[in-house]
Amino acid sequence: MSLKRAARNGSIPAMKELATRAMGKNQLAHIFPLVKQHLSSVPTRNEASIQMALICFDSLIFGLENALVGKSATLLVPLWHSIRPWLSFFITQFPLDLTEAAVDDHEALLKSTKLVNLFVQIPEVLPLLASVPHFVGHIFTMSLIAASVDYDSEILKATSKTITIISAAAEQLDQGWQDDASRILSSKAPDKLALGTVQRLIELAEKPQISYPDLIARLEILLFCSGNDGRLRLQFFSKQSVAWVTFVMGRLTRPRNLEPSNLPLARRAIYLSVMYLKKSLKVGFTWVSDALDKGILQSIVKAQPYLVYDRQKSTPKNFTVESSIVFILDTITLLAVYRSVLHRARTSLRRAEVIEDALNLQGPVNDAWLRLKEKVDRLWSLRPVYYVARNGAACCMSDNCTTRREGDTSSRARDMRCSGCQYAYYCSYKCAQSGWRDGHRKQCIELQRQFREGYPRLMSPSEDEWFIVIGQSEVYRTPKKEAIDAMRKAYSDAHPSAPDHSILTFLDYTVLPGPKIEVISLHDFVGTRNMGYYRWEMYRDWAMEKNGFLLGITMPDRDLEPYNCLALSLPP
């Protein structure tokens, strides 16, 4: 029996040999009809059917890579429709085994991802992805899995290129695929995928000549995964990824990476970094602290001469580099009320302002920079008051602290907060390690569990004391004292029957430039806000007993949600 006759009868070895010969002679036109004749339209796990599909994929990949198929939409679109069920089958039913280091050993996945990348480069095929949104979602998932296992795999390269094309055409595609992809990622993405992607980012950024297309593809993966309402926070809103994307942004702003030939791609990479940080920094103040440690303010300053403040073609409406940088600076300004952020913000500002380009800040970015500087300077001046209020006691929670800074308010004093529970404070890395070994580990895990289950977050007592010092400084600072006294008098005149202990001065630090000051009733304050573990009745009784009045203080917490506390205010 001839080879061709055996192939017509469905012989897999004959079909494979015939396809190999056809590719060697560039005569694919003879093999396509034969392969399609035996290619089932309903994918199954039957070994013969799978092998037939892979032969078809091999032929198509060879033909598209070598321009042997032509670029006619009348030919390629029907081809896409005929193989798309098999592509979806392989990509959705053959997940990568994360225990295997050799990702590219998955032959069906490797050929599928290569073929998808070749087809999405065809303008007539790209819009057809909107009809199979789950397919795009699995492409993203596969890229992330590959990134976490093998950074140099062909699967990762093919999926990254596909994602870059899809992201660039996002405005032309039906947005339904984004929602569907988010759902798939939320339910099936393994842990630590983002960190694998970020590690690859760092490797790329450390190269003598940055591979910008590869870098941009991974930044787009992170940006996409950070845009689904926080459902992927544990994987993609990670403290490490925020810190290291900041690190990558710092590398991007080195002069050698901003040469004229690289500038368009460098701008795109900087923009993606800024957008990811804009979405991620607001999640928590410990993440802002890490970003400051990695030099986010210095990177923003160094990037200014190279940025073009206009709308980017492939980004959502009203999202510009300028507005994103302003948002980042304002987020740091809001969260500077936390001592762990304040210390790092002050250090970063001093380092950034010695950079020559710091004088080039203009417009809204300059306004946001000045707001940050003014807030940091103001809060830093209150540190001596805070230590006096604590009678010189250090805020270190380590039982074996050997570096207590009694009354030390110098710039060497570090306020280090546990990034897990955000409750414990330490004065040095040594004390943090000691506290972890001596029992904080168990407490930290329990506090994190309670927070995940919906319990109010337990704020550090020393943090509450710091908030009270900030609030008191506003109440008794001229000229605000006169304005607040006038507001309290006006409230008393309007409510003559209200006793002093029921009138509360409300300070809202969740707004800029802040704080917003109001005089309201204690009942209105506690009745409309989540007070967590606060026993407001106790503060009311203290105010009655000591003839003082109450302060209600609202600070930005995780996700910039309000954290509310009460304080008894007594004249100095």
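Which of the residues that make up the stretch 486-512 are closer than 17 Å to residue 471 by Cβ and surrounded by fewer than 14 Cβ atoms within 10 Å (Cβ to Cβ)? Listed by number, the list holds a single entry, 511. Filtering the stretch 382-422 to residues that are crowded, with 18+ Cβ neighbours inside 10 Å, of a type in the set (Ser, Thr, Tyr) and either at pLDDT 75 or above or touching a Phe, Trp or Tyr at 6+ places or on another chain (Cβ under 7 Å) (or both) leaves 386, 398. Within the stretch 320-344, restricting attention to residues that are part of a loop (DSSP other than H, G, I, E, B) and either of a type in the set (Val, Ile, Thr) or more than 20 Å from residue 369 (Cβ to Cβ) (or both), the residue that is modelled with the lowest pLDDT is 320. The set of residues from the stretch 62-87 being surrounded by fewer than 17 Cβ atoms within 10 Å (Cβ to Cβ) and either modelled with pLDDT of 75 or more or part of a loop (DSSP other than H, G, I, E, B) (or both) comprises 66, 67, 68, 70, 71, 72, 77, 78, 81, 82, 85.
Taking residues in the stretch 240-265 that are closer than 29 Å to residue 284 by Cβ, and partners anywhere that are part of a loop (DSSP other than H, G, I, E, B) and among the basic types (Lys, Arg), the pairs with Cβ atoms closer than 9 Å and at least 6 places apart or on different chains are 242/294; 243/294; 244/294; 245/294; 246/294; 247/294; 249/294; 250/294. Whether any residue in the stretch 366-375 is modelled with pLDDT of 80 or more, on the phi > 0 side of the Ramachandran plot and assigned to a helix (DSSP H, G or I) is what I want to check. Looking through the stretch 366-375, none of the residues is modelled with pLDDT of 80 or more, on the phi > 0 side of the Ramachandran plot and assigned to a helix (DSSP H, G or I). Selection within the stretch 480-524: residues that are over 40 Å from the mean Cα position of the chain (by Cα) and among the basic types (Lys, Arg). The member of this set that is modelled with the highest pLDDT is 489. Out of 547, 530, one residue alone is loosely packed, with under 15 Cβ neighbours inside 10 Å and at positive phi. It is 547.
The values are calculated or read from the model by the stated rules, or taken from the named source; none is laboratory data. Note that the structure is a prediction, hence the values are computed from the model and not measured. A quick note on method: Cβ atoms are made from the backbone with ideal geometry, for glycine too, and the neighbour counts reach across all protein chains shown.
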